[in-house]
Amino acid sequence: MSTPDYKSLLSVLLDATKANKLSWQRELTNSYLYFSLTPDNSKMLLDKYFAQEEDKEIPCLNFSIFTGEGKLVDEIVRCDSSDETEEYNILRDLYFTVDEIVSTEENKKSAPIINGITESLHKMIAG
Amino acid sequence: MIPFLRRTWVKFSIQLLVIAVTSIVLSLLLWKWFDEDIYVHFGTLEINFFNTVCGLFTIIALLLTIYQLAALKSRKDFQKETIAQTETNTFKKMTLSTLAGIKADLMTIRDKILRHPLIDDQLLSDCISTFYKTETTISSIKIQQDNLTGNNLIDCTNSLTLHQAILQRLQKIDTEKSYKKFQRQSISSDINQLITELSNCESKITI
């Protein structure tokens with residue numbers, strides 16, 4: 001994917017994510033963030049890891065697109081190094097936006113369970 | 001031994017019966033062809049229906065014996081063929097187990113590539129050493145096959161080509177120390193394709 005195409009896609013994705021139009025999920029086994037596009041079920045995946053650069057470990061973000069059959073269409077890797085800071089920042093904005101939305105959703109689901117445990121513990125102490 | 005003799009005896013009886021029936025049918029046809037009332041005397045030689053059947057029986061039995069003797073392989077040929085067959089089957093079984101091992105190694109390294117939190121020289125070194133090991137194993141299958149029969153029992157050429165391409169890609173990243181350009185999804189997708197190629201290679205092996 002050429003840089004203009006990539007920037008344009010990420011910009012649209014960021015807008016759609018902020019507008020809550022996309023349903024991102026976290027893949028617990030690999031800690032990936034991904035969402036599936038209907039109707040063809042193609043999948044977009046965001047992944048964060050580190051790469052060695054000389055004696056440092058720099059954060060990197062990976063954005064991959066898969067077909068419905070799981071075939072890789074394209075993959076972009078950008079790391080927080082001096083020569084690609086701008087492109088990394090675009091990807092980072094998307095990653096952190098998605099991460100925040102997914103975490104909020106997860107917190108909403110776990111809140112009643114945590115409250116239930118807290119109440120049970122209170123009852124145990126009182127009883 | 002007894003079942004073998006019993007089998008031979010049954011086979012022999014069936015052959016006798018088939019020859020007898022064929023002789024009678026052929027005699028009937030011959031007698032029909034030359035009129036039923038044919039009756040020739042050559043001094044002591046008399047041609048009647050029973051003699052025709054016996055004569056045809058002898059001729060068919062003789063021809064069948066000659067054919068079976070010609071088809072019978074010498075003991076040495078038979079031994080040679082059996083040894084070759086056993087070696088081929090052993091090679092195929094061994095290759096199936098070797099390919100399963102290679103696939104398991106590749107799956108392990110693919111999962112490591114996808115899940116390792118840090119792309120560094122250690123990860124690349126692990127990947128490259130796994131690929132060196134599996135390349136040697138795939139190449140050794142071809143060498144063993146060439147030494148065995150020279151026949152193309154198993155063709156893993158596609159797997160080897162794809163394998164070399166992935167190894168070169170990994171070596172390039174390692175040599176240039178360009179760990180930040182490591183595309184983990186793309187490399188693991190190539191490894192998946194390699195595993196599929198190896199499975200195709202495996203599926204062609206019949207024992």
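The values are calculated or read from the model by the stated rules, or taken from the named source; none is laboratory data. Quantities reported herein were computed from a predicted structural model and do not represent experimental measurements. Ideal geometry is used to build each Cβ from the backbone, glycine not excepted, and the neighbour counts take in all protein chains shown. We work out accessible area using only protein heavy atoms, side chains counted, and drop any ligands, DNA or RNA first. Shrake-Rupley method; radii C 1.70, N 1.55, O 1.52, S 1.80 Å.
List of remarks:
- The sole residue among A:L33, A:L13, A:L28, A:L61 that is within 14 Å of chain B (Cβ to nearest Cβ), touching a helix residue (DSSP H, G or I) at 6+ places or on another chain (Cβ under 7 Å) and modelled with pLDDT under 90 is A:L33.
- Candidate set from the stretch B:148-165 (those that are of a type outside the set (S, T, Y), surrounded by fewer than 17 Cβ atoms within 10 Å (Cβ to Cβ) and part of a helix (DSSP H, G or I)); member that is farthest from the other protein chains (Cβ to nearest Cβ): B:L148
- Qualifying residue in the stretch B:121-138 (condition: over 29 Å from A:F66 (Cα atoms) and in contact with a helix residue (DSSP H, G or I) (Cβ under 6 Å, 6 or more places away or on another chain)): yes
- Qualifying residue in the stretch A:80-88 (condition: within 14 Å of chain B (Cβ to nearest Cβ) and touching a residue at least 40 places away in the same chain (Cβ under 8 Å)): yes
- Selected residue [open to solvent by 30 Å² or more (accessible area, probe 1.4 Å) and within 14 Å of chain A (Cβ to nearest Cβ)] from B:Q168, B:Q193: B:Q193
- Scanning the stretch A:64-73 for residues that are open to solvent by 80 Å² or more (accessible area, probe 1.4 Å) and more than 8 Å from every other protein chain (Cβ to nearest Cβ) gives A:E69, A:V73.
- In the stretch A:36-52, the residue that is modelled with the highest pLDDT out of those that are more than 9 Å from chain B (Cβ to nearest Cβ) and either open to solvent by less than 10 Å² (accessible area, probe 1.4 Å) or out of contact with any strand residue (DSSP E or B) (no Cβ under 8 Å at 6 or more places or on another chain) (or both) is A:L46.
- Residue that is closer than 23 Å to A:K56 by Cα, at the interface with chain A (Cβ under 10 Å from one of its Cβ atoms) and small (G, A, S), where the choices are B:S186, B:S178: B:S178
- Scanning the stretch B:99-129 for residues that are farther than 30 Å from A:D80 by Cβ and either crowded, with 17+ Cβ neighbours inside 10 Å or within 14 Å of chain A (Cβ to nearest Cβ) (or both) turns up B:L99, B:I102, B:K103, B:L106.
- The sole residue among A:I101, A:I76 that is facing chain B (nearest Cβ under 9 Å), touching a residue at least 24 places away in the same chain (Cβ under 8 Å), of a type in the set (V, I, T) and surrounded by 10 or more Cβ atoms within 10 Å (Cβ to Cβ) is A:I76.
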